[in-house]
Structures are given as structure tokens and as C-alpha cells.
Amino acid sequence: MRLLFVVLCSSLLISACAGNEQCERLAYDNKHGLNVVFFPDGYGEQEADELAHYAMESILAKEPFTSKPFINFYRVKNDDPSICVEGVAGDVIGGFSHDPLAPLDCDIARVKELVNQCNIPKGKIIVLTNETVAAQTSLGFHESGVMFLDMKNQPPEIIQHEFGHFFGLVDEKVKLYSFALGPGWEPAPNCVTSLDKAELQWRWLYPAEHEFERGCAGNPDWYKPEYPVLMSEFPDPSWNYGVFNEWYLGQVLDCCYARTPPLCHAFFSAYPAWTDCRAESH
């Protein structure tokens, strides 16, 4: 399986405008739900529909998304193969390049123009392409973001892995630095800067004999909560997000995207980057 890498890129804002037949709603949970828009590139209508459903079902097949499917899925109908093209292998994206495959270069204005037809104020865009390109995901947290997936040979675990990046999770590999720093995050939910912080943050989730592995997201001094999990370097289809990641993702889903959120003061205090997500999610 080829290496994955994470890129930090500008958020794609999805402006509200009149919806039309060019945007199909595949699944709807609630008005506060996370909006995910599939943007098929280079496929016929039937194959585009099949791939969008395949990606949606892959996402919902892992916990906590199976139990908390607070996501509204849409599919843009795109018959223009010139909007996204294969880039140049080795291009530097966001300051780093760790994958021999090329990125996918898209005419962002044209992507936004089509996505705007879904008439939603904010959401995540997943570009499904038939080009041989590197898998990429912006670390947008609750802001709008974008994921690029080569769908010619994309197993569910890669889709699930990349989807985890939408929530701030980083690759738990030693050789890749994801530069995922942000306010209130040191440096991301599934990496911490010291063993003391790992003990404080994660000990209640693990048995006393659990050892926190050193080396996370490319920094040998950071700690990760467990291994192996879906955010590892080569995710296996049998792996889950893991105890901590499932707890964290579940809190995000409950507090930001559920119909009726529980009391979330403790979660927002621990992860202030999500504090305003409720107001911005609809």
C-alpha cells in the first residue's frame, strides 16, 4: 500500500445559494449534521453514483460513525473532466512532500461553483478521481476542508483513515511530520508532547500496564495513545480508530453535529478549537 501524507491547505468555504438538480442528497441526518459533499471527477453518472455510495458506506462502517451517523452526504453531478488534473510528482504541498505520487490539481473556483449548488453554508469536500494521485486531506477541523482520493484502488480503510484527518487526527507514523499545530492542540488530539501529558490525558482510557509509544506524526518526542489503529502508517481493514480516537470522535459528533448535544463543557474546555462548532455547523 502506498504511503499517505497529510497536507494543510486553505479551507474551501461553501457558500449558500439556490440548490438545483446538479446536487443530489444521498443521506441526511439533521440540520446540525456535518455536511460532506462528494465531487466525482472523470467518471460517468452511474459510476460516480456507485463510488459516492461506496465512500459513504465505508465512512459509516467504522465506529463511532456507525453509532453516531450525524452526517449529511451530498453528491455533485460533474461531467467536466478538465476541472481536476494530475499534478507533478514530487511537488511540494504545504511545505513538505513525502509521497512519490503526484497531487491532484483542481480549479478550485469551478469546484466551489458546482458545490455551491448544494445550498449548504459549510462542509467538507471529497474529490473522487480516477487519476493516479496521492491521497490528501486538509486538517480543517470544523471548518470546511477538502480530501482527494484516487478511487481506482481505494480500500475502505484508506477512506476511513483520511476521513479521520477531517477531525484533527494525524498520521501516527514516526517519519512524517504533519504540522498539525493549532490553538489548544499540542499538537493534535492523538499526539501529545510529553509522557506526563499522555498519562494525564489518556490514562483513564487504558489499563495501568498500557505503555504509550514514543514517536508520533514525525516527532520522535511526541507520544501516541495506541498502536496499531486506523491512523497508523499502513492501516489494516480489521483495525479501528482505537479507544482514544473513538472517544474523541464521538465527543466531536455528539457536541457539534448531533440533533441534541449533551453537556459538553468539559470537552470544549479540553479542546477549545471546537468551542464554536455548533454555531458554525448549520
Sum of side-chain charges, Ala52 neighbourhood, beta-carbon under 12 Å (Lys, Arg +1; Asp, Glu -1)
-4
Straight-line reach from Lys173: which lysines have a Cα under 18 Å away, not including same-chain ones fewer than 8 places off?
Lys224
Length added when fully stretched, Leu200-Glu47, from 0.36 nm per residue minus Cα-Cα:
50.3 nm
Can you tell me which aspartates and glutamates have their Cα less than 14 Å from the Cα of Lys68? Leave out same-chain residues fewer than eight positions away.
Asp29, Glu57, Glu246, Asp254
For region 40-54, 3J(HN,Hα) per residue [Karplus equation, 6.51 cos²θ - 1.76 cosθ + 1.60, θ = phi - 60°, Hz, x = Gly/Pro]:
x, 10, x, 10, x, 4, 5, 5, 4, 5, 5, 5, 4, 5, 4
Report, by chain and number, residues whose modeled amide H sits under 5 Å from the one on Tyr74, excluding near sequence neighbours (fewer than 5 apart, same chain).
Leu26, Val36, Val37, Phe38
Which far-off residues, 5 or more places away or on another chain, put their amide H under 5 Å from the one on Gly218, with H placed in the peptide plane?
Lys173, Val174, Lys175, Leu176
Which of the aspartates and glutamates could be linked to Lys122 by a straight reach, that is with a Cα gap under 13 Å, when you skip same-chain ones fewer than 8 residues away?
Glu143, Glu280
Give me, ordered by chain and number, the residues 5 or more places off Gln136 or on other chains with an amide H under 5 Å from its own placed amide H.
Phe148
Between Glu233 and Asp80, what length in nm is gained on full extension when 0.36 nm per residue of separation is reduced by their alpha carbon distance?
51.7 nm
Sorted by Cβ density within 10 Å, fewest first, the residues Met231, Met147
Met147, Met231
Mean Cβ-within-10 Å packing, highest first, puts peptides 155-164, 64-73, 267-276 in the order 155-164, 64-73, 267-276
Table column - 3J(HN,Hα) (Hz), region 270-278, Karplus curve with 6.51, -1.76, 1.60, x for Gly and Pro:
6, 10, x, 4, 9, 3, 9, 5, 5
Once the piece of chain linking Asp107 and Glu21 is laid out straight, how much longer is it, given 0.36 nm per residue of separation minus the C-alpha distance between them?
28.8 nm
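Each reported figure results from applying straightforward, stated rules to the coordinates on display, with no laboratory input. Only a predicted model underlies this, so the values are computations on that prediction, with no experimental measurement involved. Methodologically, a virtual Cβ is constructed for each residue, glycine included, from the backbone with ideal geometry; neighbour enumeration extends over all protein chains shown.
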